[in-house]
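*Asks:* Right, I'll just put the structure down here and ask away after.
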Amino acid sequence: MNQEQVNNPLHGITLERIVKELHDYYGWDQLAFHVNVNCFSNNPTLKSSLKFLRKTDWARKKVEKLYLKMLAEIKGEY
């Protein structure tokens, strides 16, 4: 196993899974509030969101950060 990935909580989790779980937890409106990007606020779909996030590194990083926050909230750590 790559040493860089040992402590990476996102290792092995696809972007699609992250967006689906965030959508299930927050819904599109709250997702757009937390990560202010058009793909979440203007006719959001999973497909359009993934297309945008795969091209836009800064937005993907914000989504990943929100996902980690969501996981912490679920575990009662946040």
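The values are calculated or read from the model by the stated rules, or taken from the named source; none is laboratory data. Nothing here was measured: the structure is a model prediction, and the numbers come from that model. As a convention, Cβ positions derive from the backbone with ideal geometry for all residues, glycine included, and neighbour counts pool all protein chains shown.
*Asks:* Can you tell me which of G12, G27 is of a type in the set (G, A, S) and either surrounded by 14 or more Cβ atoms within 10 Å (Cβ to Cβ) or not in a helix (DSSP H, G or I) (or both)?
*Replies:* Step by step, each of G12, G27 is checked, and only G12 is of a type in the set (G, A, S) and either surrounded by 14 or more Cβ atoms within 10 Å (Cβ to Cβ) or not in a helix (DSSP H, G or I) (or both).
*Asks:* If you scan the stretch 49-78, which residues turn out to be assigned to a helix (DSSP H, G or I), more than 11 Å from the chain's Cα centre (by Cα), surrounded by 11 or more Cβ atoms within 10 Å (Cβ to Cβ) and at pLDDT 95 or above?
*Replies:* Selection gives K51, F52, R54.
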